[in-house]
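What follows is one structure encoded as structure tokens, with my remarks underneath.
The numbers here are math on the coordinates, done by the rules we state, and not lab data. What you see is a predicted model; the values in this text were computed from it and never measured. FYI the Cβ positions are ideal-geometry reconstructions off the backbone, even for glycines, and counts take in every protein chain you see.
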Amino acid sequence: MFRIEVSVKPGFPDPRGEALQRDIRDLGITTVKQARVSDIYLLEGKPDEEEVGRICRELLADPLVEEYSYGEVSSPRIEDRNAHVIEVAYNPGVMDPVEESVEKGIGDLGIKTVESVKTAERYYLWGELPGSALKFICDKLLVNSVIQHMVTKREGVSLPATVYEFSLEVIDLLGMDSDELVELSKDRLWLDLNEMKEIQNYFSRLGRNPTDVELETIAQTWSEHCIHKTFKGKIKLGEVVIDNLLKSTIMKVTEELGKPWCLSVFVDNAGVIDFDGRYALCFKVETHNHPSAVEPYGGASTGIGGVIRDILGAGLGGKPIMNTDVFCFGPPDLPYDRLPEGVLHPRRIFKGVRAGVADYANRLGIPTLNGAILFDERYVGNPLVFCGTVGLLPKELSQIGQQQPGDLVVLVGGRTGRDGIHGVTFASGELTRESEAISTSSVQIGNPITEKKLIDALLKARDRGLYRRITDCGGGGLSSAVGEMARETGVCVYLDLVPLKYSGLTYTEIWLSESQERMVLAAPRGSVDELVSLFAGEDVEATVIGEFTNNRHLQLFYQGNLVSDLDMEFLHNGLPQLRREAIWERPQHSEPDFPEPHDLGDDLFGILGSPNVCSKESVIRQYDHEVQGASILKPLVGIENDGPGDAAIVKPIPDSNKGVIVSNGINPKYGDIDPYWMAASAIDEALRQVIAVGGDLGRVALLDNFCWGNPDKPDRLGALVRAAEACHDIAISYETPFISGKDSLYNEYEAEGKTICIPHTLLISALAVMEDVNRAVSMDSKREGDLLYIVGTTWNELGGSHYYGIHGFIGNNVPKVDPRRGRELMDRLSRAMGKGLVRACHDLSEGGIGVAAAEMAFAGGLGMVIDLERVPLGEPINRSDFVLFSESNTRFLVEVAPEDRHEFESMMAGVDFAAIGRVKDDERFEVYGITGERVLSASIAELKEAWERPLRW
Amino acid sequence: MARVKTLILRAPGTNCDEETAFAFEQAGSQVELAHIKELLGHQKLLSSYQIMAIPGGFTYGDDISAGKVLANEIRLKLREDIQGFIDSGGLVLGICNGFQVLVKAGILPRPADGSPQQLTLAGNDSGVFECRWVYLRVNQKSPCIFTKGMTSMYLPVAHGEGKVVAEPGILEELNVVLYYADETGNVQAGYPYNPNGSVDNIAGICDASGRIFALMPHPERFTRWTQHPRWTREPPQKYGDGFHIFRNAVEWVENA
């Protein structure tokens, strides 16, 4: 075995080493004077010295900036150059995508003597470091034991070849009593006793015991993750019994509105709407929370990979055109002594998630155009990672396909390994300190290039009509994908035909594996040869693994043995409806009692610099938001390309001016007061952003993503019901149907006898069609002398606001929504904007008028003066600070040229609006209070710096 | 006159192929996308085209280093075809990943004269991938046919490995086409105007003939005015700056 080390030549910068040194300093360790990182490649096989030399020179090391060394070694050199040396490698079975590329590169050199390649990273740290500090650095930065380990001795390159000898595993279910059923389910099936008994009855009717793969298949299909049994269950809240919360709230909106442009809703991998009569748009937002908690980089990248496959699996396949990501983390500066045991530090999760998303989405060539990052200490054990993708597809391909009996099951994409087994059932349980250990196999590293090749091949196959139906292989692996696809027909799958990454997988592991970058197609026999060769031309495997039948049975074979024979009817409709109790009591928070400050400057600076409001530029810049060349409104706007844009716009068809607007609304702080108004506010916020960039309510579709605590606890469930009810009430008035959604429950963390439940979190994502992108409006102020209007009514609504927050209060007067008036207001404003009367528009959300006005001013590089006396109020408010920072919904700040004043005002007549200020060229931001005195004066440069500084890392 | 034909080379991980194709079409060329396998298997022949472009992306994941695996594949398996294409007067454009590939395959700065690689594109000084718009000054002494008539440009970059590093001594011989600059054209403005730490603020180079040109910024992402990051606040232009690069190339072939 040869061991090659490649490192940056002395004298050249080593950015990875420098970043590591900064991270170590962030841990509070200041004695590391220098850090360097080098790459290790282990080559197994029998290359000769000359061949290894060529591999180093021509492939692995850059001739200008890198140096290399190699040798035939039996063990790693651990002592070196008076430095502390740590070498980290992936655990067996965790694949580093680089290995495959190195093997290809060696083959291209014409060298055939290398059998396999393994990579590792080597860290050199110089400076005084006691052993405890070194261990702290390893634990907190360098090694994640879920996927990696420190190399201390000689390691094999390839996995030891293990042979799996088939033996059918039958579980003696029929002989079990209730205790034994519960024991069997625990930590493996995550089903309750009632459900276990239903399964027992089914097999007792069949007169036989189940095999392991049958039980696992039922557990996957019946998991919360796959079937959303909480939302579909019977919930008793007070005297009311809600039969299927999903149908009675969210889906009801869509049904009652009956919009003809909703082409495919709630039935497919993504919701689909009509775009322009020729094309359709599909949209899905998914969460990947649990995996991101234990391995942020892999968790986030596979989250992106998964939602992209939802788009590929929508209708007969959508082409991904943009991404949107929303993250919720613990505070980035949380002291280590407040970190619960078994949890990664929020900063590490943040950096890992950011890198995972960037590396995956950038490589796929999909622009990441907007998103949000929120912080709250209650996310410390359960960070939330929402990944969303929009796709474009020909309208006639927008429906789920239908296979015919005799069609073949074709598995395409990456190979199958032990990755992610039990990911779905794992996501349906609470995380505990032990989660890391249990979930080792639930975490995967994605390979974005495999997915990119898959996209390229699939879209070609789609356009040639080579398959009849498609679905993605995500949570639950083949079990979910094939099981769901064959629901109405039946299927026979030959598990030994599935291409494997390595030997030794049992038939059950093959069936349940959640290996990434795979999709399942139903192809007519006559097209399979063409399909397979098309995929080969794009360097992607396509393998026939079975056929669809007409007996409505799920039959699995392994080496000729029948290992599963389940009735589709029982599998898909046999789950007993869940019954749960819910309660809802409005919490009472203390009302703030601090005096009104004479000067509001400190408060504005404080809110602008708070983690939720401050600039996310350092994250946004690491995402490619220009690829595909279709971005019309980018995430950063304004005179220096760094102001916070409201919603993203893309123009996906080069020769058409129609646009797609995507926005998000989320504010978990309001949920601490009332989840109903939290949900209402999230919808209003998502719609405001659509309007603010020049869109209208004509064709807006919504997605819901609920992230909640444990729904077995009645108070959590009661809050969920309230939020879902608001989704119905508000969306129906705005006439914005839901087209798809997702929920992630059980986001609670147990440590040291305490339970941390995340804040109730609802993300509402909006997808809107824009007639003409040339009408787009950005939020940055444009010209001195322009008038600044507020559109909308300001109420004394500071409950859950940032202003109360920085003074240490929550309060109770949460912002409400009046969608009937809201609709009128938004319609009028979008008509005025459509006529070109608006130079800039910004929606008011966190931090109210104060934050929105400051952002407009510094994004445009112009000063501003605002007079709070003129702000239209819905009720008397006798404090300037409350007017400036109230977070009432359905409000906008709008910049209008003086010559358009009359036309704008006449178009807005009938809703609350007022000219409250103007744009100036003196770079001062000034606010006059309700009694006419000046309450704030600051330079826009200072305000911008306060907003940009906090997350500039 | 027969229409100019452009081939856009694809490999696993290429991701700017469609917008690059669209830019060439806008500029009047006929365009075909070809997977590297189709060139290796001679299902498509370079000699049928007048322009070849290697677009942006992350070929083979940019594993090992950006563009390295594709560069080796081209150097070891397509060398004669490419040499023939260049010798017969073809134009080559490398954008972003295409720049990295051309340099690491030994096609730029001097096509295939067998000398060791004396130039490379190393990791950005910032240590991370960055997406931002940059001002570029066009070297008026450059023989580059793609930038004829242009003095400055504004284009987006999006890369993690764009820092030009050169062996001492070769900088003087290099045909630099584009320099990173600030909005006034000052090339000494530093980061973030020079987004990656490139030596001498080099953003794009060509060979001595001016027919082989590569750059880190993405001209295909600014061919229409509404792609400009400040189009909502600045007076409109008929075309985006990047359009002229494609148009110059097509026009040169039309007039050749």
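Assorted remarks:
- Of the DSSP H helices in chain A, those whose Cα atoms cover at least 15 Å axially and whose Kyte score averages 0.0 or more: A:296-312, A:675-692, A:714-734, A:848-860
- In the protein assembly as shown, a dipole from Cβ-located charges (positive for Lys and Arg, negative for Asp and Glu) runs towards its positive end, and of A:302, A:694, B:94 it is B:94 whose Cα lies farthest in that direction.
- The calculated FRET efficiency for residue B:182 paired with residue A:145, based on their beta-carbon distance and R0 = 45 Å, is about 0.45.
- Rg/Rg_ref, the range A:151-255, where Rg_ref = 2.2 N^0.38 Å and atoms are Cα: 1.59
- For chain A, the mean residue ellipticity at 222 nm estimated from helices alone is -9000 deg cm²/dmol, where every DSSP H run of n ≥ 4 contributes -39500 (n - 2.57) and the total is divided by all residues, rounded to the nearest 500.
- Here the range A:2-150 is assigned +1 on the Cβ of each Lys and Arg and -1 on the Cβ of each Asp and Glu. Its dipole about the Cα centre then comes out at about 560 debye.
- Spin-label proximity, residue B:191 to the range B:130-150 - amide N less than 20 Å from point 7 Å beyond Cα toward beta carbon: B:130-136
- Loop GluC sites (Glu not before Pro), the range A:76-139 (other Cβ atoms within 10 Å of the site Cβ: 13 or fewer; DSSP): A:79, A:128
- Using a cutoff of 8 angstrom between alpha carbon atoms and counting only pairs six or more residues apart, the relative contact order for the range A:703-813 works out to 29 percent.
- Ordered from longest to shortest, the equivalent ellipsoid semi-axes for the range A:2-150 are 29, 17, 13 Å, each the square root of 5 times a Cα gyration tensor eigenvalue.
- Dividing the mean sequence gap of close Cα pairs (under 8 Å, 6+ apart) by how many residues chain A holds gives a relative contact order of 11 percent.
- Where labels lie 7 Å past Cα in the beta-carbon direction, separation of residue A:153 and residue A:835 in nm: 8.1 nm
- The range A:2-150: relative contact order as a whole-number percent, Cα under 8 Å and 6+ apart: 35 percent
- Residues A:186, A:153, A:742, sorted so that the one with the fewest Cβ neighbours within 10 Å comes first: A:153, A:186, A:742
- More than 21 angstrom apart: percent of Cα pairs within the range A:568-718: 66 percent
- On the basis of the beta-carbon distance and an R0 of 45 Å, residue A:255 and residue A:167 show a calculated FRET efficiency of 0.35.
- With a cut-off of 10 Å between beta carbons, the residues surrounding residue B:143 carry a summed charge of +2, where Lys and Arg count +1 and Asp and Glu -1.
- For chain B, a crude dipole built from +1 on the beta carbon of Lys and Arg and -1 on the beta carbon of Asp and Glu, taken about the Cα centre, is about 380 debye to the nearest 20.
- Between residue A:903 and residue A:30, the modelled label-to-label distance comes to 6.2 nm, taking each label 7 Å out from Cα in the direction of the beta carbon.
- Helical content alone sets the calculated 222 nm signal of chain B at -6000 deg cm²/dmol, taking -39,500 (n - 2.57) per DSSP H segment of four or more residues and averaging over every residue.
- Fraction of antiparallel bridges per DSSP, the protein assembly as shown only, in percent to nearest 5: 80 percent
- Alpha-carbon centroids, the range A:178-256 and the range A:915-953: separation in whole Å: 55 Å
- Pair-distance distribution P(r) for the range B:5-255, from all Cα-Cα distances in 10 Å bins starting at 0: 8, 34, 40, 16, 2, 0 percent.
- Debye intensity ratio I(q)/I(0), log10, chain A, q values 0.04, 0.05, 0.07, 0.09 Å⁻¹ (C-alpha model): -0.19, -0.30, -0.61, -1.00
- Over the range A:435-580, the hull volume per residue, using the convex hull of the C-alpha atoms, is 154 Å³.
- Shown here for the range B:124-155: trypsin sites (Lys or Arg not before Pro) in loop regions (DSSP other than H, G, I, E, B) with at most 13 other Cβ atoms within 10 Å, namely B:141.
- Simple point charges give the picture: +1 on the Cβ of Lys and Arg, -1 on the Cβ of Asp and Glu, and for the protein assembly as shown a dipole about the Cα centre of about 2060 debye.
- Separation of the alpha carbons by more than 32 angstrom is noted, of A:351/B:163; A:118/B:37; A:658/B:44; A:135/A:186; A:658/A:742; A:153/B:37, for A:658/B:44; A:135/A:186; A:153/B:37.
- Here the simple spin-label model places points 7 Å from the Cα toward Cβ, and for residue B:48 and residue B:225 these points are separated by 3.9 nm.
- Net +/- balance of residues flanking residue A:527 in space, Cβ distance below 15 Å, scoring K and R +1, D and E -1: +1
- Residue B:37/residue A:921 FRET efficiency (R0 41 Å; Cβ-Cβ; nearest 0.05): 0.10
- Taking a point 7 Å out from the Cα of residue A:266 in the direction of its Cβ, none of the residues of the range A:205-222 has a backbone N less than 18 Å from it.
- Counting only cysteine Cβ atoms and a cutoff under 4.7 Å, chain B contains unmatched residues B:16, B:96, B:131.
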